[in-house]
Amino acid sequence: MPIFRNAITVIIHPSFQNPNPVANDISLSRLISPVPLSIAVNVIQLPSRSDSTRSFAGHLLTASGFGWNLYEYPRYLHFTHLVGISDATCAHHHWVFLNTMICAVGANHASSTCGGDSVLNMLLNIGGPLVSTSGGIDTLIGVSTFTQTLQCVNDVQGFMRVDKYLDWISFYTGIVIRN
């Protein structure tokens, strides 16, 4: 059964698009009502402050969103597995790489994130999550911000590193961030 919720508040990072169009491409959304938790919908852990220097190169990651799937924008949430790549590799492939980003490529050489995973519509910029799973615990490590090309298959995918924005998240949500 699909679950639909509207956001009552969206807080866009105050430095978004100033001066770099993908710098600080992160926002927070407060939903009009809670989403019921289930086997398919659960809470996710924020990264710790110590993750800010961690490399996810070579790690299997999961991205999800409502991006283009070669035929249409799907009505239901999709996901794909990606492999993290080094900062140097990302910078080589994409001109906008910043130290507040993490990059990945399609794990199976046939799927990646695509347009719509990083933008819900032209008025509201909402990026899909990038998740790292370790020891059975899912951690939100990134928020989708760019794809390398319009083909979206096995391209370099860019995500804002959530661990670089923990103070900002804590300030607006009241969530206490662990070290």
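Readers should treat all values here as calculations from the given coordinates under stated rules, not as data from a laboratory. Source: prediction; values computed, not measured. Here the Cβ positions follow ideal geometry from the backbone for every residue, glycine too, while neighbour counts run over all protein chains shown.
A compact table of results
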item: Among 94-100, 42-48, the order from most to least packed when residues are scored by Cβ within 10 Å on average; result: 94-100, 42-48
item: Chain lengthening between residue 40 and residue 10 when straightened (0.36 nm per residue, less Cα-Cα); result: 8.4 nm
item: Cβ-Cβ FRET estimate between residue 99 and residue 33, R0 fixed at 25 Å, reported to 0.05; result: 0.10
item: Residue 57-residue 171 pseudo-label distance in nm [points 7 Å out on the Cα-to-Cβ vector]; result: 3.2 nm
item: Interchain or long-range residues, amide H under 5 Å from residue 141's placed H; result: 130, 131, 132
item: Sorted by Cβ neighbour density within 10 Å, fewest at the top, the residues 61, 82; result: 61, 82
item: Residues with amide H under 5 Å from that of residue 17, placed H, sequence gap 5 or more; result: 23
item: Sorted by Cβ neighbour density within 10 Å, fewest at the top, the residues 49, 54; result: 49, 54
item: Residues 163, 138, sorted so that the one with the fewest Cβ neighbours within 10 Å comes first; result: 138, 163
